[in-house]
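Have a look at the structure below, then the notes.
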Amino acid sequence: MAARELQTDSGSHLRAWLTTETPASRLQARAVQAYLVWLAFARNPLGLIGLGIVLALLLVALFAPWLANHDPYAQNLAARLQPPGSPGHWFGTDELGRDIYSRIVHGAWITLKIVGLVALTAPLAGLIVGTVSGYFGGWVDILLMRVTDVFLAFPRLILALAFVAALQPGIESAILAIALTSWPPYARIARAETLTIRNSDYINAVRLLGASRLRIIVGHVAPLCLSSVVIRVTLDMAGIILTAAGLGFLGLGAQPPTPEWGAMISAGRKFLLDQWWVATMPGLAIFIVSLGFNLLGDGLRDALDPRSGS
């Protein structure tokens with residue numbers, strides 16, 4: 001009983017520490033803000049479903065060697081085109097007798113790799129371009145935004161195809177191409193946010209204290225733009241996955257025998273009428289993961305955007 005009361009008191013103290021209106025340190029202020037964002041996010045059931053799907057993708061990617069029941073590259077022509085539910089093949093087999101379930105499980109790591117690398121590079125580049133453009137203005141703004149307009153003038157998949165064709169087909173080229181075509185929207189968002197805050201009293205006070213332009217941009221302007229950029233990143237994940245799958249479908253992304261979901265759909269499209277599972281199973285994987293990122297993005301938008309109100 002005493003241990004339970006002690007645990008209850010500890011939980012109450014922690015909750016009070018996380019909900020105080022007068023934080024005693026910067027660390028506590030950030031913890032309070034993060035906790036309030038989580039409370040707002042937890043009130044969105046669809047957002048929680050999206051978070052669950054994304055976490056499931058992460059776990060499947062990390063534990064793929066243990067979750068898969070076959071070697072994703074092993075061929076068995078005697079068991080080719082087995083339907084779902086066949087002994088030992090939950091999702092069936094493809095035209096070379098490879099287990100589709102095992103290939104989808106191992107393909108989760110490739111999808112996570114693409115999404116992670118693009119999410120670490122494109123938003124950062126867009127944030128730098130947007131904040132610099134919005135803060136300096138003048139000819140710097142004109143030059144950077146015209147370059148951004150050139151990239152925005154082409155559909156992402158078409159521009160990615162051009163970049164991959166200029167390089168060579170492969171997963172690394174696909175990641176680079178997607179990153180190079182994904183940064184302009186983040187630059188636009190960061191520029192718009194910077195234009196609204198660059199002449200605010202807060203920034204003017206920091207400027208009067210003698211802070212350099214670099215310090216103002218990195219330490220004060222960019223953090224204020226992060227919430228909008230994070231929301232856009234999560235909403236763009238589905239588009240990144242579909243672009244990667246499109247490159248794989250066209251043979252310009254991951255190359256055989258890599259178990260990339262788009263390449264699996266491309267290989268199975270010739271069997272779509274009679275052996276539907278060959279292309280349908282990886283297509284369902286793309287659909288579920290894309291849906292998860294969309295739901296997560298909607299939940300984060302509602303939790304992080306103060307204008308959404310709750």
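Couple of notes before you dig in:
- On the beta carbon distance between His13 and Gln255, with R0 = 51 Å, the FRET formula returns roughly 0.35.
- Here the chain is assigned +1 on the Cβ of each Lys and Arg and -1 on the Cβ of each Asp and Glu. Its dipole about the Cα centre then comes out at about 640 debye.
- Net charge contributed by nearby residues that have their C-beta within less than 11 Å of Glu260 (K/R +1, D/E -1): +2
- Residue-span extension gain [Leu284 to Ala153] - 0.36 nm each, minus C-alpha spacing: 44.1 nm
- Virtual spin-label span in nm between Leu272 and Thr20, 7 Å along Cα→Cβ: 6.1 nm
- Summed residue charge, Cβ within 15 Å of Ala79's Cβ, Lys/Arg positive, Asp/Glu negative: -1
- Full-extension gain in nm, Leu226 to Asn199, via 0.36 nm per residue minus C-alpha separation: 7.9 nm
- Placing pseudo-labels 7 Å out from each Cα toward the beta carbon at Leu55 and Ile142 gives an inter-label distance of 5.2 nm.
- The order of the peptides 156-165, 31-40, 275-284 by mean Cβ neighbours within 10 Å, most packed first, is 275-284, 156-165, 31-40.
- Other-chain or far-sequence residues with amide H under 5 Å of Asp94's (modelled H): Leu81, Ile100
- Considering only Gly47, Gly107, Gly219, the mean-square fluctuation computed in a Gaussian network model of the chain, springs between alpha carbons under 10 angstrom, is largest for Gly219.
- Shape of the chain, Cα gyration tensor, a/c cut at 1.5: oblate
- Separation of alpha-carbon centers, region 70-104 and region 211-286, rounded to whole Å: 25 Å
- Highest GNM mean-square fluctuation among Pro123, Pro257, Pro184, for the chain modelled with Cα contacts below 10 Å: Pro257.
- Distance between the 7 Å Cα→Cβ label points at Arg213 and Leu27: 3.6 nm.
No value in this document is a laboratory result; all are computed from the given coordinates. From a predicted model like this one, the values you see are computed outputs, not experimental measurements. Positions of Cβ are backbone-derived with ideal geometry, glycine not excepted, and every protein chain shown enters the neighbour counts.
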